[in-house]
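Each remark here refers to the structure printed beneath this line.
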Protein chains: 2
Amino acid sequence: MSLSAKFRLGVLGSGAGSNMVAIAHAASAPDYPAKIALVLSDVANAGILNQAASLGLPHRHIAPGQFRTKLDDAAEAAYIHALREAQVDLVVLAGFMRVLKGQFLRAFEGRVVNVHPSLLPAFPGLDAWKQALEHGVKITGCTVHFVDQGLDTGAIIAQEGTPVLDSDTAETLHARIHEAEHRVYPAAIAALALGRVALQGRRTHLRAP
Amino acid sequence: MSLSAKFRLGVLGSGAGSNMVAIAHAASAPDYPAKIALVLSDVANAGILNQAASLGLPHRHIAPGQFRTKLDDAAEAAYIHALREAQVDLVVLAGFMRVLKGQFLRAFEGRVVNVHPSLLPAFPGLDAWKQALEHGVKITGCTVHFVDQGLDTGAIIAQEGTPVLDSDTAETLHARIHEAEHRVYPAAIAALALGRVALQGRRTHLRAP
């Protein structure tokens with residue numbers, strides 16, 4: 001596959017950017033079918049922007065506007081514009097702490113994915129690893145899913161289970177789930193880039209390569 | 001451990017009894033710390049009663065009374081009486097299709113367990129494997145839990161994950177979850193029999209042997 005044919009990713013994050021780094025690492029292999037075209041953050045000094053700079057990846061801070069948990073309309077339009085300008089094929093949420101609304105989801109319909117630190121539909125929402133620990137489950141994990149208008153409700157593309165150990169604290173459990181995310185997310189993105197993910201109702205399956 | 005010292009199980013089921021058979025098989029090992037003292041069913045011709053008969057285990061049908069999804073008060077009292085008479089230490093639900101109410105749960109407080117065919121808290125209630133398949137999860141499994149007054153909400157003792165395959169039907173998935181149940185349930189019952197399961201809030205952990 002020639003470089004110019006690679007599937008183009010727009011990665012949005014608010015935090016340290018470890019999933020973006022895992023995807024960039026996977027994408028450094030010549031046969032990986034996608035490349036990061038743009039990294040955007042709503043947080044001016046976010047680690048993900050520093051990481052992108054270190055990796056030589058195009059990156060920008062776009063201010064989120066007046067709200068705390070979503071983008072305002074002008075900001076959402078600015079995100080859409082930047083991603084279109086970068087000719088992004090897939091929007092990859094990687095610790096992006098704001099809900100995306102209808103305008104954004106219509107602009108990239110069926111082309112926005114997220115990774116969530118639990119085996120959805122268990123423990124949607126914030127601090128899913130803490131929710132899992134407090135509930136007392138013995139297995140949790142992570143989920144790559146399409147983003148729809150609900151809270152962590154979109155069709156599931158991939159999941160990996162993570163055992164909860166008797167000795168786990170929120171921190172040790174979160175660290176192990178993160179490791180799982182770093183395996184599952186690049187693999188799921190590759191499958192999407194290759195057009196192998198078929199959606200029927202809310203079940204996905206992998207087409208043969 | 002002498003036979004007389006073994007932890008005594010009362011198994012309640014409405015169906016084929018495959019989990020009861022798995023427990024009986026585990027209990028046939030000399031070092032397994034529990035034995036089935038009584039098998040009860042609300043269904044006169046249930047497979048679980050025939051299986052108990054074949055295995056030479058004490059078994060009885062006790063009619064459930066006038067309701068469809070629970071035992072009436074007289075029936076619940078009859079179940080309690082039979083289990084007490086058999087000196088049961090732990091009530092093991094194995095495909096028992098009726099909700100147990102306060103009277104029963106108070107009589108055996110903290111000593112009633114169930115196995116559920118999903119990774120709770122995902123997919124409580126009926127046909128959990130079908131719910132999982134229709135939701136499109138990639139991992140489901142089974143959960144051994146204490147029974148409380150909620151629907152599949154009690155503290156979790158053990159779980160095993162089961163991958164959902166693209167080729168799965170409800171039947172093939174259910175069969176694989178059943179195999180997991182047959183591993184997890186006897187192991188969890190052994191841990192309970194040995195007094196190794198410690199409960200803190202709604203988290204359980206295993207004490208050292």
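Quick notes on this one:
- Interface residues, the range B:116-136 - accessible area loss of 20 Å² or more versus chain alone, probe 1.4 Å: B:119, B:121, B:122, B:133, B:134, B:135, B:136
- Using heavy atoms of the protein chains and a probe of 1.4 Å, the accessible area assigned to residue A:172 is about 60 Å².
- Each Lys and Arg Cβ is given +1 and each Asp and Glu Cβ -1; about its Cα centre, chain A then shows a dipole of about 580 debye.
- Of A:138, A:35, A:101, the one that fluctuates the most in a GNM where chain A has Cα springs shorter than 10 Å: A:138
- Estimated inter-spin distance, residue A:167 and residue B:103, nm [label 7 Å along Cα→Cβ]: 4.8
- Förster-model FRET efficiency, 45 Å R0, residue B:66 and residue A:127, C-beta, rounded to 0.05: 0.45
- Note on chain A: with a GNM built from Cα contacts shorter than 10 Å, the maximum mean-square fluctuation among A:56, A:13, A:47 falls on A:56.
- When you filter the chymotrypsin sites (Phe, Trp or Tyr not before Pro) in the range B:1-108 for DSSP loop state and at most 14 other Cβ atoms inside 10 Å of their Cβ, you are left with B:67.
- Entries in A:6/A:130; B:6/B:70; B:70/B:130; A:6/A:138; A:35/B:138 that, when Cα-Cα distance is taken, lie over 28 Å: A:6/A:130; B:6/B:70; A:6/A:138
- Alpha-carbon centroid distance for the pair the range B:58-78 / the range B:133-158, whole angstrom: 25
- The residues of the protein assembly as shown expose, per residue, 45 Å² of accessible area to a 1.4 Å probe.
- Histogram of C-alpha separations across the range B:1-109, 5 Å bin width, %: 2, 13, 24, 25, 19, 11, 4, 1, 0
- Extension gain, residue B:202 back to residue B:153 (0.36 nm per residue minus Cα-Cα distance, nm): 16.6 nm
- The Cα atoms of chain A cover 48, 45, 37 Å along the three principal axes, with the biggest extent listed first.
- Shown for residue A:195: label points 7 Å from Cα along the beta-carbon vector, and their distances to the equivalent points in the other copies, 6.6 nm in ascending order.
- Relative contact order of chain A, pairs being alpha-carbon contacts under 8 Å that are 6 or more residues apart, as %: 18
- Within the accessible surface of the range B:39-78, defined with a 1.4 Å probe on protein heavy atoms only, the carbon and sulfur portion equals 51 percent.
- Overall, the range B:1-109 carries a charge dipole of about 60 debye about its Cα centre when +1 sits on the Cβ of Lys and Arg and -1 on the Cβ of Asp and Glu, all other atoms neutral.
- Beta bridge orientation in chain A: antiparallel %, DSSP, nearest 5: 45
- When chain B is treated as a Gaussian network with alpha carbon springs shorter than 10 Å, the biggest mean-square fluctuation among B:51, B:66, B:87 belongs to B:66.
- Based on Cα contacts under 8 Å between residues 6+ apart, the range A:1-109 shows a relative contact order of 34 percent.
- List of the range A:191-209 residues, accessible area with partners at least 10 Å² below that of the chain alone (1.4 Å probe): A:202, A:203, A:204, A:205, A:206
- GluC sites (Glu not before Pro) restricted to DSSP loop in the range B:60-111 with at most 16 other C-beta within 10 Å: B:109
- With a 1.4 angstrom probe, the accessible area lost at the B-A interface totals about 2100 Å².
The values are calculated or read from the model by the stated rules, or taken from the named source; none is laboratory data. All values reported here derive from a predicted model rather than from experimental measurement. Glycine also receives a Cβ, built like all others from the backbone with ideal geometry; neighbour counts cover every protein chain displayed. Just the protein is used for accessible areas: all its heavy atoms, side chains included, with ligands, DNA and RNA removed. Shrake-Rupley method; radii C 1.70, N 1.55, O 1.52, S 1.80 Å.
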